[in-house]
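For reference, the structure discussed in these notes is given below.
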Amino acid sequence: MNSPNYSFMRWLRPADAPTAKPTLVGKPTTRASRRSMGLGEFLHNLTPGTDKKLCVLDLGPTSPANINFLTDREMRVFNEDIIRAVKQPEYQTKAEDGSLQLDLDKFFAENLEYAENQFDAILCWDAPDYLPESLVKPLVGRIHTMLKPGGVLLAFFHTQDTGPESPHYRYDITQPDTLQMESRSSSRMERIFNNRHIENLFKDFASKRFFLGRDNLREVIVVR
């Protein structure tokens, strides 16, 4: 395994940081545009092969914009809305103390059933911030298995908790360095990761690169 290669954190200023108030469930959605150096770096790593199309897995809500953007560049796109899937009642089981917990075996038996080394790239977005604690590390382990050696992952991590009514966004790619953020619902983040936590989370990967925006969103490029 290659030795981790950490880069210095770089600051970026989004073109239009989201300023709308949090959107409540049932209210009209809000949109905001932001520049993304992480997205630009992610796409830069995707060099088309000569024999077959690159395979990309999107772990966010289904985005026609992302599908069109990537397929227009001769990539095969797969999609699994991981946050929506984990909320399904069939994956909840009662612990001895009566609390509900995620049935990891059942969840992975019915989700993310892909072959080893299947994907050239994975768009994780900000899913780790919203997933149950018990799922985060196993999910990263599954991602490591699904990514090809040299494969790249883009993940976002919020740097502050904005409360239970914080909007959860779908990230739509509009340009190679620009995202359209659409609020889908209000959702409480499960945790806030700092740099050390992120490095530990992806410790089995070859390299990590950080980009910190002024809208409290840390972008991370991870290479297997």
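In segment 187-220, what residues are among the basic types (K, R) and either assigned to a loop (DSSP other than H, G, I, E, B) or crowded, with 18+ Cβ neighbours inside 10 Å (or both)?
If the condition is that a residue be among the basic types (K, R) and either assigned to a loop (DSSP other than H, G, I, E, B) or crowded, with 18+ Cβ neighbours inside 10 Å (or both), then R188, R191, K203, K208, R209, R214, R218 are the ones that fit.
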Can you spot a residue in segment 45-55 that is closer than 27 Å to L217 by Cα and at pLDDT 95 or above?
yes
Answer yes if at least one residue in segment 59-68 is within 16 Å of L147 (Cβ to Cβ) and either modelled with pLDDT of 95 or more or surrounded by fewer than 16 Cβ atoms within 10 Å (Cβ to Cβ) (or both), and no otherwise.
yes
Going through segment 35-92 one residue at a time, which ones are under 21 Å from L131 (Cα atoms), without any contact (Cβ under 8 Å) to a residue 12 or more places away in the chain and among the polar types (S, T, N, Q)?
Q88, Q92
If a residue must be aromatic (F, W, Y) and touching a Pro at 6+ places or on another chain (Cβ under 7 Å), how many such residues does segment 126-156 contain?
0
Only one of L179, L135, L153, L123 that is part of a helix (DSSP H, G or I) and either small (G, A, S) or at pLDDT 95 or above (or both):
L135
So in segment 57-83, with the set limited to residues that are aliphatic (A, V, I, L, M) and farther than 18 Å from F157 by Cα, which one is nearest to the chain's Cα centre (by Cα)?
L57
Looking at segment 113-128, can you tell me whether even one residue there is surrounded by fewer than 20 Cβ atoms within 10 Å (Cβ to Cβ) and touching an Asp or Glu at 6+ places or on another chain (Cβ under 8 Å)?
no
Complete set of residues in segment 88-100 that are loosely packed, with under 14 Cβ neighbours inside 10 Å and not acidic (D, E):
Q88, P89, T93, K94, A95, G98, S99, L100
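The values are calculated or read from the model by the stated rules, or taken from the named source; none is laboratory data. For clarity, every value in this text was computed on a predicted model and none was experimentally measured. Methodologically, a virtual Cβ is constructed for each residue, glycine included, from the backbone with ideal geometry; neighbour enumeration extends over all protein chains shown.
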